[in-house]
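The structure appears right after this line, and notes come after that.
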Amino acid sequence: MNKKSDRIRKVYPWYWAFEGDLLFYIAIDTLFLTIVKNFSSAQVVSLASVSTFVCILLQFPLLGIIRKIGNTASVRCGSFFLLLSAIFITVGPNYWMVVLGRVFHDVAGIFRSASVVALENCLDDTDSRGEFVKIRTQGSTIYAIITMLISFVASLMFNFNHYLPMIGCITTCLIGFILSLFIVDYTKYNKLNNQKKEKVNVHYSKFVVLAIAVFGLFYPIVTSGQSDGKLFIQQNLLTELSVDDTSLIIGGILCFSRIVRVVSNMLFVKIYRQYRLKMGMLLTCSLGLSIALLLFGSFITPLFFRIVVMALGYVIILFIRDPFKLYIQDILFDHTPKEQHQTLLTLMEFSVKVGTTGTGFIFTLVLLNYSMVVVMAITLFIAIIEIALSIWLYQLVMQHSAEITAEQSPKTR
């Protein structure tokens, strides 16, 4: 078992890096969709909304499938669906074929969550649960390094041939699928369909509900800030610059943001050990700041300073994206039974999809009559709500930790 555990520990960071998203595509997605596919801003924004709405309907049926086929098979299914996503987005001749590609992308994410549970099961089985955050951070760091390197060349590849980055995307998805074959859950928790029902069902305490809600609101804001924010910057630049110049500047911003993301993941374990319970508040406040910089930076008259301020807002989003997911997963796993973790991960992804769908539909309707400025203003308002909820969650975490400490301490009379 130790040899099998060592294999998963070595492969998992690389698997997570190649399966973290559609590599290459995420660097040129708005350019590819608007220039190659000729989609409007409303169509680009609505892609995520339509696909996540479909996945909301599929979320819990897919959870039942994951429990039945087990973590090992689910990991491989997720990798296969991500490969299909890359192919459909690349060759899809119309809007709805690209939407289907996005659906495959979101379905892949549901199945891919089984890899997190498989890793935790493996570590628990060898009494190495303390390495969970470390190994997950290694995967995020490698992913950040790969995306950073891609950002150096993605814009140049796009200018040389608009489809060249998508060929790279399909290739990396194929590599990820091969690596998924080495992610195996050997423990008895691989399949949960035979576990007692009361163990699998989640106890929806105030802490669990709030943690899932905070997670479900955080990532729609991040998605909007990263995708819509990039589109927002792109629109600002195209009013004064050519397509080629805009592509290069967007590429430069992405390069710098990816470097910052690498630094974020490299420093996270050390920062997390020191500020573990306060990380939620720190990260959500940073998120609010990033959206504010994107919004108010667009009103700055000199183009150079406008680019700098908006780029800074975009960079902060990349800095905080990976750490927040690890923070929520860790505090939930620490305070809930192991049998519930797959369900909790599914609920977390479900909350993100509900939030993404809701905000996406709202933003799409807004864009029919208003500009991206209004969308970013609404995003900032939601970010402020997120900060308030994270402060409440911090108070519950502190209370929960105090109760656990009290239970573990010898009772005095």
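The values are calculated or read from the model by the stated rules, or taken from the named source; none is laboratory data. All values derive from a computational prediction rather than experimental measurement. A quick note on method: Cβ atoms are made from the backbone with ideal geometry, for glycine too, and the neighbour counts reach across all protein chains shown. For the accessible areas, the whole protein counts, side chains as well, though only heavy atoms, and no ligand, DNA or RNA atoms are used. Shrake-Rupley method; radii C 1.70, N 1.55, O 1.52, S 1.80 Å.
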Gyration tensor (Cα) of region 256-324, equivalent ellipsoid semi-axes in angstrom: 26, 13, 7
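Could you tell me which of rounded, prolate or oblate describes region 208-277, using a ≥ b ≥ c as the square roots of the eigenvalues of the alpha-carbon gyration tensor, with rounded for a/c under 1.5 and, failing that, prolate when a/b is larger than b/c and oblate otherwise? Don't skip to the end; give the middle numbers.
Numbers: a/c = 5.19, a/b = 1.72, b/c = 3.02.
Since a/c reaches 1.5 but b/c is at least a/b, the shape of region 208-277 is classed as oblate.
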Normalised convex hull volume, region 17-154, alpha-carbon set, Å³ per residue: 109 Å³
Of LYS37/LYS230; LYS10/LYS134; LYS10/LYS191, those spanning more than 20 Å from alpha-carbon to alpha-carbon: LYS10/LYS191
Peptide ranges 332-340, 8-16 listed from the most packed, as the mean C-beta count within 10 angstrom indicates: 8-16, 332-340
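What size of dipole, in debye to the nearest 20, comes out for region 275-413 about its Cα centre when the only charges are +1 on Lys and Arg C-beta atoms and -1 on Asp and Glu C-beta atoms? Provide the component values of the computation, followed by the final result.
Working: 9 positive and 8 negative charges, 39 e Å.
That gives region 275-413 a dipole magnitude of about 180 debye.
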Extreme residue, positive dipole direction of the chain, given options PHE296, LEU22, MET372 (C-beta unit charges): LEU22
Protein accessible area in region 145-303, 1.4 Å probe - carbon and sulfur %: 68 percent
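Which value in deg cm²/dmol, rounded to the nearest 500, describes the helix-derived mean residue ellipticity at 222 nm for the chain, given -39,500 (n - 2.57) per DSSP H run of n ≥ 4 and division by the residue count?
Numbers: 14 runs with 333 residues, N = 413.
Calculated mean residue ellipticity at 222 nm is -28500 deg cm²/dmol.
Roughly how large, in nm² to one decimal, is the mean projection of the convex hull of the alpha-carbon atoms in the chain?
20.2 nm²
Counting only heavy atoms of protein chains, what accessible area per residue, in Å², does the chain have with a probe of 1.4 Å?
Values: 17540 Å² over 413 residues.
Accessible area per residue, the chain: 42 Å².
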Straight-distance crosslink candidates among aspartates and glutamates, where the alpha carbon sits under 15 Å from LYS68 and sequence neighbours closer than 8 are dropped: ASP185, GLU339
Phi-based couplings in Hz for region 233-243 (Karplus 6.51, -1.76, 1.60; Gly and Pro marked x): 5, 4, 5, 4, 6, 5, 6, 10, 10, 7, 4
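Mind ranking VAL45, VAL91 by accessible surface for me, highest first, 1.4 Å probe?
Numbers: VAL45 10, VAL91 105 Å².
Correct descending sequence by accessible area is VAL91, VAL45.
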Listed residue (PHE53, GLY70, ILE87) projecting farthest to the positive dipole end of region 10-108, Cβ model: GLY70
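Show me 276-284, 294-302 ranked by packing, highest mean number of other Cβ atoms within 10 Å first.
276-284, 294-302
Given N residues in region 218-334, what is Rg(Cα) / (2.2 N^0.38 Å)? Intermediate results must be reported in sequence, preceding the final value.
Details: Rg = 15.4 Å, N = 117, 2.2 N^0.38 = 13.4 Å.
My calculation over the Cα atoms of region 218-334 gives 1.15.
Over the chain, what is the relative contact order in percent, taking alpha-carbon pairs closer than 8 angstrom and at least six residues apart? Write out the running numbers ahead of the final one.
Working: 534 pairs, mean separation 106.2, N = 413.
About 26 percent, as a whole number.
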Inter-part distance where region 8-83 and region 203-241 are each reduced to a Cα centre, Å: 16 Å
Binned Cα-Cα distance frequencies in region 127-276 - 10 Å width, integer %: 9, 22, 32, 23, 11, 3, 0
